[in-house]
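Single-structure report; data block below.
None of the figures in this text is laboratory data; all of them are computed from the coordinates on show. All values derive from a computational prediction rather than experimental measurement. FYI the Cβ positions are ideal-geometry reconstructions off the backbone, even for glycines, and counts take in every protein chain you see.
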Amino acid sequence: MSFKPTALARDLINAEGPDAEQLLNSVLSANIAGMQPGEIRYSCLLTPQGKVSDVMYLHKITNGFLIDVFQGRGGPLAKQLNTYKMRSKATLEKVPGAVYAAPDGHAPEDAGADPRMEGLGRRWFTLGPMVSGPRNPGYFHLMRRLGIPEFGLDYQSGDVFPQEANLDVLGAVDYQKGCFVGQEVASRMHRKGEIRKRTLKVYGDTDLPRGTTLRQRSGIVGTVTSMIGGEGLAIMRLDRLQGDEVFALHKGFDLRFKIRKPAYVG
C-alpha cells in the first residue's frame, strides 16, 4: 500500500530551552528522553482523568523540538503545555509552517520515519508563512485501509481513552517511563489487561455517517467514527461483540456490515 506525497492539516509548536526535554517528558505519554535530531516520536497529552487531550508527533531538532499537531490545536496545546512549566526554562509557542508526508524514497533526505508502523512513509516540516501545497486523499485512504484512527476526524479532544483509539499499540504511550499527566488512570487500565473498547475496521456496500450505531442481537456494540468508499472505522465494545457481522439502520434500511481487527492490534 502506498500514497502520493501530500501536505497535511497540521499546526506546529516550537519547544526550546534547557529544560524543554525534561518538561515534555514529564507531561507527555511517550518517552522522548535522549532523542537525536531527525528522530520522530508519537505521543499524547492526556487529561488528569486519563482521556486523550491531544495527539502529536515530536520532531527532534538541534535546539529542541517541533511538535506537529492537528490543525487548530496548536494554540490550545501550546497554552496547555505552558501551564506545566512552573520554573522550567523552556519556551513553547505556535509557529507558522507546514507538515508533509510521503512514501519512502519520495521524501527529503532529512525526513523522519513515521514512528507508528512501517509502511507509513516519512514525515517532515517546513517553517515560515508559506503555502503548504496540495493535499492528496490517498494518505487518508491508506489510514482507513490500515485501520488507523486520526485525531480530529475519528475522535476529538476529551472523547476517548488511549486504548479506545489504539494509541497504546501505535506507540504513543510508554507505560514504563514513569510519571506523566493521566499516567495513574492509563497504567491502571493497562494493568487490568481487559480492554473493553477498540477502534476496528468496518466494511460494507455503503458509507455510514459518523455516529451511526452498529448492532448485534445483544444490542448496540459500536459507533462509526468515519467511513468512505465502503471502508471505515468504528469504536467497538469488545466485551459485547460476537462474531464479525453487525447491522446499521441507514436511510430506512437495515444494512449488514463486517468488522475486522486491524493487523497491528494483534
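Size estimate for segment 196-265 follows the Kirkwood approach: the inverse of mean 1/r over distinct Cα pairs works out to 11.7 Å. What the Kirkwood sum gives for the chain is a hydrodynamic radius of 19.3 Å, with every pair of different alpha carbons counted. For segment 6-189, the relative contact order works out to 32 percent when only alpha carbon pairs closer than 8 Å and six or more residues apart are counted. Per residue, the convex hull spanned by the Cα atoms of segment 137-266 measures out at 116 cubic angstrom. In plain terms, the bigger the Kirkwood radius, the slower the diffusion; for segment 92-153, with that radius from Cα pairs, at 25 °C and 0.890 mPa s, Stokes-Einstein puts D at 187 µm²/s. The 3J(HN,Hα) values that the Karplus relation (6.51, -1.76, 1.60; θ = phi - 60°) gives for segment 241-251 are, in residue order, 6, 10, x, 10, 10, 9, 10, 9, 8, 9, 6 Hz. Gly and Pro appear as x.
One equal scatterer on each Cα of segment 1-55, no solvent, Debye formula: the resulting log10 I(q)/I(0) at q = 0.23 Å⁻¹ is -1.08. Radius of gyration over Kirkwood radius for segment 41-82, both on Cα atoms: the Rg/Rh ratio is 0.98.
The orientation-averaged shadow of the Cα convex hull for segment 63-166, equal to a quarter of the hull surface, comes to 8.3 nm². The per residue volume of the convex hull around the alpha-carbon atoms of segment 17-118 is 112 Å³. Residue ranges 211-224, 153-166 sort as 153-166, 211-224 when ordered by packing (mean number of other C-beta atoms within 10 Å per residue, highest first).
As a length-normalised measure over Cα pairs under 8 Å and 6 or more apart, the relative contact order of segment 196-265 settles at 36 percent. Pairs exceeding a 25 Å alpha-carbon distance, out of K60/K89; K51/K89; K197/K258: K51/K89.
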